[in-house]
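A short worksheet on the structure shown next.
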Amino acid sequence: MTTLTDPPKASFRLSMLIYDTRYRSLTIQAVAMLGFMLLAAWLLNNTLTNLATLGKPIDLGFLGEPASYDINQRLLDYNSRDTHLRASFIGLINTLVVAVLGCITATIVGVLVGVLRLSKNWLVARIMTVYVEMFRNVPVLLWIVLAMAILIESLPAPRAFRGDNPEATMKVFDSVAITNRGVYVPEPLFSNSLGSIHLFGDSSLRFDVSLDLMAILVVLIASIFAVRKVTSRAAHIQETTGVRPKTWHVNLAILFVPMIALLAVLGFHLGYPELKGFNFTGGTHMRNSLIALWLALSLYTAAFIAEIVRGGILAISHGQTEAANALGLRPGKTMRLVILPQALRVIIPPMISNYLNLTKNSSLAIAVGYMDITGTLGGITMNQTGRELECVLMLMGCYLLISLSISMVMNWYNARVALVER
Amino acid sequence: MSDQAFVRTEMLPEKEPPASTVGIVGWLRENLFSGWFNSILTVVALGFIYYVLSGLVPWVFQSVWNADSLNECREIMTETWGSTHGHACWGVVNERWLQLLYGFYPDHLYWRVNLALVLTLVALAPVLFAEQSPRQLWYLTAAYPFLMPWLLWGGSIWGPIMVAAGFAIGYLGYRILVPVAGGLVAIIAAFALPIIWWLFLAGGVAGAIDSVIPIGIEAVESRKFGGFMLAVLLGIVAIGCSLPIGIVLALGRQSDLFIVKTLCVGFIEFIRGVPLITLLFVASLLLNLFLPPGTNFDIILRVMIMMTLFAAAYMAEVIRGGLAALPKGQYEGADSLGLNYWQAQRLIIMPQALKISIPGIVSTFIGIFKDTTLVSIIGLFDVIGLSNAIRADTAWNGIYWELFAFIAFLFFIVCFSMSRYSMYLERKLHTGH
Amino acid sequence: MKKSVIFGALTVAGLAAGAAAAGTLDDVKARGKLNCGVTTGLVGFAAPDANGEWGGFDVGVCRAVAAAVLGDPKAVEFVPTTGKTRFTALASGEIDMLARNTTWTFSRDVDLKFTFVGVNYYDGQGFMVPKELGVSSAKELDGATVCIQTGTTTELNLADFFRSNNISYEPVPIETNAEAQQQYLAGACDVYTTDASGLAATRATFEDPSAHVLLPEIISKEPLGPLVRHGDDNWGDVVRWTLNALITAEELGVSSANIGEMSAGTNNPEVNRLLGSEGNLGEMLGLSADWAKNAIMASGNYGELFEKNIGENTPIGLARGLNAQWTDGGLIYSPPFR
């Protein structure tokens, strides 16, 4: 008879690092880590040696020197005497502007096209297919260049507005000028302005926050809050007494009276664009480079989003549509209330990567002369200072930061939507 | 009266359906004018189509094909139509289309590029149409990675053969050492021997054999590559080389080894987080800095390296998707058969995961292929770069739309057919479930 | 080339360290080819033709250097570079010299560590406006929209000019000349500014060149010339004196037409020294005695290069102006061959 005994307790031997599955993973990881560190050290060493030979040690001092070039499209104040760091910051803001605008437009257009591709109207469905295929199968760089060229060729130049019998006129009660240099719209002005807060003093990251805008925002939020309060009170009364008091006139008053009062106090008026000398002056000028880039990026990305949306809608079982029809919902409401909310779960993850792609593709802005961060930090600054290593690494860092933030926000949203799942 | 029957005893002959529901009219009503909203949409769409075509068609077809310069084009246009507006000058495409396709590749060697392309398609056949193609084609597929560079770059045939020999050496080393020194030593040797061979011996041996038996074709430097061919080549190299890297990265990302996983995730997210153009800046400005002093890769090789790394990150995600799509039972089945990790991957997991990923791989390829246009920004002469160079010719300075139209057309044809193929594949794969 | 290029690059990469220490001249001779950096395309200065052959004013300089060093004007590998990549390509040794309308500035010379060997074209930044605007001076451009080609010193000059004259403007940066041309013609900008030579070349391609004028102001000095790396004076000398040989040849009346008879020996000792029939100038440079003869025969002397590529008989139609010989009131001046 044999009895069951404990297996012999093996003492640790070196070969167990390789043959024993308990330790093997440690070995593999150690080797991987070592290899990675060796590789990194090797690259770093090479770089330092090469830089020493070139006589260009890593130095970020150039960021503090005057940039000496101008940037046309900018949200913050900047002139050619500001530093390279300031110019890069302006570029970064420009990248964010076009990325945000592009993502919003691409989503709207993409959803619309995706839905229309499934339209019962044969012609519309075909046109949408042609649109999607055209944009998906031609490089985005070409689309950006073409969008710019089309805007420039098809819109009137400012000089066409001149003369007694001009070839072109301003639109919307003479308040909007659409030219091939960009679109000029009336700008809000305040005659009793509250001024603005200057954040970060005089540094390169200085940031002006308009107090007027803040005041408007505060009043708006307060009004909305008050309206909700009133509505919930009305609901409460309805629950207790069964009679819902009329609230719409109160709500309207809460929404509009404080706002109008505030605007009156601030002396709100519109500044209209006007043709003076070579250009329109006054008003807000949205340059063609931004519009072209925005259009091209959003149309390009929208083509991909349309496919995702279409796939998402097709993934929802037909029974859902039939059930909605049975409830008597019209096709539009079926789509809006039943299909899209469910499709959203399938749609959002690939959507994130499309937003990321759009942001990354905005780096092609130099093709139309929109000064994003690739155009400033990775463009003129790099050309003028010759600091390639520093500039490219900083550039990559910026994009990495943006990308990671977008995926973080979108993943958070995705997690929220996914919770609805049953 | 009572025998009056209200029940019809014989069937009425079938009536024609109402004229408005069949034929062209019916189709129109059904598809274009069902309801006021659709009718409006249709009218708007028709107007839009007319607007686009009325501008485009005369421009494309009332055009000048035979002209040696823009000025000549303009003269012909003024003579024929009275104005230079609204007419294309295809003379530039007529004169430069070969250059736009092949770049500066010597024109008596165009056949090599064409042959390489045909070879690519044939070598891909066993992968893409696994059922219909004969087994022997796999040999060609295996030889392709060595044959294609040799055809394009030319030079002595011993170079590629010696590179291929490295793999044979690794395999032989493994086979010989397994019984002698055990599996681990054999695996290490299988990796180390080829590397030693490639780094230190292959060049010398190839040179020596070449001086005895010189077999070779005319060498072409990569600087001569350009035009559409460059885009295709970059796309193929990037996808081909990134496939193995992508598989490794995807497995690494799925592994439960913390450090390996972190490294893989870090690499993938880093590459996916930055735009390709910054990686191309690295290729053109920095890569030489990262390598030992004096190393000098030419720019096309550097771009290939960065494009490969770029594609690898995306490939890893595609393959990860394929791995995730496999039912868990496959993994468990492999475990229950007693297969170890690598055997399971090789025999069970990868063949299925890769098959599922093919549509994703094709769309990654299309993406990379389109992205190759960015190399024009760092001064390579791909189609867009060449179009700028052509405009710098005094004869064609000032020409704009025609070149872009031609380029867009080229890309559209290739990408469209690939995406159709990928859709076909997707449908085919779906039937399995 | 014995080994296939890709294979060589892959295997030798690790071993190539240290090989670059030898002088550039020896490298070029050993390679049998000159790697010359040029633009990716600039009308009249460098552009490939339908057969892939490069031609142009800057290209002529490359060919002359190749002819002087290797005796063959075709032994040049043209490396197209952009505004961004040009300096890195030169610094990393990817190219032996850069002949790419590059402005000689203090910081490029001192900070980026390059040696400008001379000037082959004296340029300056100018303005072009449509005649119908009725502008006669750049100072009247207050509020105008200005198209600029980016990546060069142009945008810096422009910012300085408008700032110092205290007038406002709206810059429209543009990547390539083709787009700039298109925007300018469509009226998306009032003014186009770049080097005066580029403006002239651009105007020449318009359907109606006479409807556009160049303003009299030249707001910057743009001495364009070939450059090499710091630290290899011998190679710098070769390029410098090849350029000077082309200039001197024009001054002395040596052209590609008469060089055959001239090289047999003339009464002018400087011509003889230049063409190698007297003295040993070539040997001092480490070149053959007929180096200058080869350089001049490659595509002619300085004047011939100018006339053939950008001169008044070409569509570009640039006058010599500042680029006339010093004897004709220009700035083109070569030190003596002695």
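The values are calculated or read from the model by the stated rules, or taken from the named source; none is laboratory data. This structure is a prediction, so every number in the text was calculated from the model and none was measured. Note: ideal-geometry Cβ built from the backbone for every residue, glycine included; neighbour counts use all protein chains shown.
Brief remarks on what is shown
- Reported count of residues in the range B:362-401, each being surrounded by 24 or more Cβ atoms within 10 Å (Cβ to Cβ), over 22 Å from B:LEU280 (Cβ atoms) and more than 10 Å from every other protein chain (Cβ to nearest Cβ), is 0.
- Of all residues in the range A:75-90, those satisfying the criterion of being closer than 23 Å to A:VAL392 by Cβ and touching a residue at least 60 places away in the same chain (Cβ under 8 Å) are A:ASP82, A:THR83, A:HIS84, A:LEU85, A:ARG86, A:ALA87, A:SER88, A:PHE89, A:ILE90.
- Leading residue by the ranking (nearest to C:ASN313 (Cα to Cα)) among those in the range C:26-53 that are aliphatic (A, V, I, L, M) and touching a strand residue (DSSP E or B) at 6+ places or on another chain (Cβ under 6 Å): C:ALA46
- The number of residues in the range B:272-305 that are more than 10 Å from chain A (Cβ to nearest Cβ), surrounded by fewer than 21 Cβ atoms within 10 Å (Cβ to Cβ) and touching a Leu at 6+ places or on another chain (Cβ under 6 Å) comes to 0.
- Failed condition for A:ILE313, given (1) surrounded by fewer than 18 Cβ atoms within 10 Å (Cβ to Cβ); (2) over 27 Å from A:ASN94 (Cα atoms): (1)
- Hits in the range B:311-370 - residues which are without any contact (Cβ under 8 Å) to a residue 12 or more places away in the chain and of a type in the set (S, T, N, Q): B:SER336, B:ASN340, B:GLN343
- Residue identified as farther than 30 Å from C:ALA89 by Cβ and among the β-branched types (Val, Ile, Thr) among B:ILE399, B:ILE366, B:ILE378, B:ILE384: B:ILE366
- In the range B:91-178, counting only helices (runs of 4 or more DSSP H) that sit wholly within it, the ones holding 3 or more residues that are closer than 30 Å to B:ALA208 by Cβ span B:110-128, B:137-153.
- Restricting attention to the range B:260-304, the residues that are touching a residue at least 24 places away in the same chain (Cβ under 8 Å) and under 18 Å from B:LEU234 (Cβ atoms) total 15.
- Counted residues, the range A:131-153 - those being more than 18 Å from A:HIS285 (Cβ to Cβ), in a helix (DSSP H, G or I) and at the interface with another protein chain (Cβ under 9 Å from one of its Cβ atoms): 11
- Hey, C:GLY32 in contact with a Phe, Trp or Tyr (Cβ under 8 Å, 6 or more places away or on another chain) and within 14 Å of chain B (Cβ to nearest Cβ) or not: no
- Residues of the range C:132-159 that are in a helix (DSSP H, G or I) and under 23 Å from the mean Cα position of the chain (by Cα): C:THR154, C:GLU155, C:LEU156, C:ASN157, C:LEU158.
- Hey, C:PHE162 crowded, with 21+ Cβ neighbours inside 10 Å and either of a type in the set (A, V, I, L, M, F, W, C) or part of a loop (DSSP other than H, G, I, E, B) (or both) or not: yes
- In the condition set (1) of a type in the set (Asp, Glu); (2) within 14 Å of chain A (Cβ to nearest Cβ); (3) surrounded by fewer than 21 Cβ atoms within 10 Å (Cβ to Cβ), C:GLU179 is compliant with all but (3).
- Any hit, the range A:276-283, residues being touching a residue at least 12 places away in the same chain (Cβ under 8 Å), surrounded by fewer than 22 Cβ atoms within 10 Å (Cβ to Cβ) and of a type in the set (A, V, I, L, M, F, W, C): no
- Any hit, the range A:397-404, residues being surrounded by fewer than 22 Cβ atoms within 10 Å (Cβ to Cβ) and farther than 30 Å from C:THR88 by Cα: yes
- Across the range A:361-388, the number of residues qualifying as of a type outside the set (A, V, I, L, M, F, W, C), touching a Leu at 6+ places or on another chain (Cβ under 6 Å) and under 25 Å from B:PHE290 (Cβ atoms) comes to 3.
- Pair list, Cβ under 6 Å, 6 or more apart: the range C:217-240 residue closer than 24 Å to C:VAL129 by Cα and modelled with pLDDT of 90 or more, other residue of a type in the set (Phe, Trp, Tyr) and in a helix (DSSP H, G or I): C:ILE219/C:PHE161
- Close pairs from the range B:33-53: first at negative phi, partner in a helix (DSSP H, G or I), Cβ under 6 Å, at least 6 apart: B:PHE33/B:SER39; B:LEU41/A:VAL124; B:THR42/A:LEU123; B:ALA45/A:LEU123; B:ALA45/A:VAL124; B:ALA45/A:ILE127
Per-residue answers, yes or no, for (1) touching a residue at least 60 places away in the same chain (Cβ under 8 Å); (2) within 13 Å of chain A (Cβ to nearest Cβ); (3) touching a Phe, Trp or Tyr at 6+ places or on another chain (Cβ under 6 Å):
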position	(1), (2), (3)
B:GLY182	no, yes, no
B:ALA186	no, yes, yes
B:PHE200	no, no, no
B:GLY207	no, no, no
B:SER211	no, no, no
B:ARG223	yes, no, no
B:LEU251	yes, yes, no
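- For the range C:157-176, the tally of residues that are among the aromatic types (Phe, Trp, Tyr) and facing chain A (nearest Cβ under 7 Å) stands at 0.
- With a requirement of 2 or more residues that are touching a helix residue (DSSP H, G or I) at 6+ places or on another chain (Cβ under 8 Å) and farther than 20 Å from C:TRP235 by Cβ, the helices (runs of 4 or more DSSP H) lying completely within the range C:268-336 that satisfy it span C:269-275, C:291-299, C:302-309.
- Residue count, the range C:214-235 (criterion: surrounded by 16 or more Cβ atoms within 10 Å (Cβ to Cβ) and either in contact with a Leu (Cβ under 9 Å, 6 or more places away or on another chain) or within 14 Å of another protein chain (Cβ to nearest Cβ) (or both)): 12
- Residue within the range C:145-156 that is more than 11 Å from every other protein chain (Cβ to nearest Cβ), in contact with a Leu (Cβ under 8 Å, 6 or more places away or on another chain) and among the hydrophobic types (A, V, I, L, M, F, W, C) present: no
- Flag if A:ARG159 is within 14 Å of chain C (Cβ to nearest Cβ), out of contact with any strand residue (DSSP E or B) (no Cβ under 6 Å at 6 or more places or on another chain), without any contact (Cβ under 8 Å) to a residue 60 or more places away in the chain and of a type in the set (Lys, Arg): yes
- Among residues of the range A:26-78, those that are within 14 Å of chain B (Cβ to nearest Cβ) and either hydroxyl-bearing (Ser, Thr, Tyr) or touching a Ser or Thr at 6+ places or on another chain (Cβ under 8 Å) (or both), counted: 4
- Residues satisfying the stated conditions in the range A:236-252, i.e. assigned to a helix (DSSP H, G or I) and surrounded by 12 or more Cβ atoms within 10 Å (Cβ to Cβ): A:ILE237, A:GLN238, A:VAL250, A:ASN251
- Scope the range A:181-228; condition aromatic (Phe, Trp, Tyr) and in a loop (DSSP other than H, G, I, E, B); matching residues: A:PHE200
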